[in-house]
Each structure stands twice: as structure tokens, then as C-alpha cells.
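Right, one structure below, let's go through it.
The values are calculated or read from the model by the stated rules, or taken from the named source; none is laboratory data. Treat the numbers as computed from the prediction; the structure is a model and nothing was measured. Neighbour counts run over all protein chains shown; Cβ positions are idealised from the backbone, glycine included.
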Amino acid sequence: MSELKVKDTTAVKEEPKVAVKEVSKAAPKANPLSMAERVPSNWKIVDDPKGIAASNYKTGRMFTGTREEFNNLLRG
């Protein structure tokens, strides 16, 4: 009779395989605009005592702040 050899695997614990995603060290920009939101004519701009209030016709996104902040946001 031949002897059956069994491998003992109780001591070996396999770690689950996890996909590693490289993380960028640069901080992400807050609320990046879509291409439709970068078109100035898609915005309705109303003067506000503290700056401006703007709403996008296509996406519905709202912005309140200064004109300089709004222009910087459109430029990206």
C-alpha cells in the first residue's frame, strides 16, 4: 500500500491581495469645473453687496464670492 502524503497548511495564512493605487501628493483642486461650467456665457451673474452671485444655466451650480475668485475658478 502506498502512503498518502498530506501537506500541512494550517500554519500558513494567506494575506488577501489588494490592488494598490498610487496616490498623488498634490492636493486636489476644490470643486473643479466641468467643460460646460467653464463657458462664461453659461453663467448668470448678479452683483451682490459682498461681491457676486452666479448660477450656471446648464448645470445649476451656484457661486458666491468676488469677481476675481470667479474668474480664477473659470480659468482653472
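Below, the figures for the structure above:
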quantity: Unmet requirement for Ser41, which otherwise passes all of (1) assigned to a loop (DSSP other than H, G, I, E, B); (2) at pLDDT 80 or above; (3) surrounded by fewer than 10 Cβ atoms within 10 Å (Cβ to Cβ); calculated: (1)
quantity: Candidate set from segment 59-76 (those that are surrounded by 14 or more Cβ atoms within 10 Å (Cβ to Cβ) and in a helix (DSSP H, G or I)); member that is farthest from the chain's Cα centre (by Cα); calculated: Phe70
quantity: Within segment 55-76, tally of residues that are without any contact (Cβ under 8 Å) to a residue 12 or more places away in the chain and among the basic types (Lys, Arg); calculated: 1
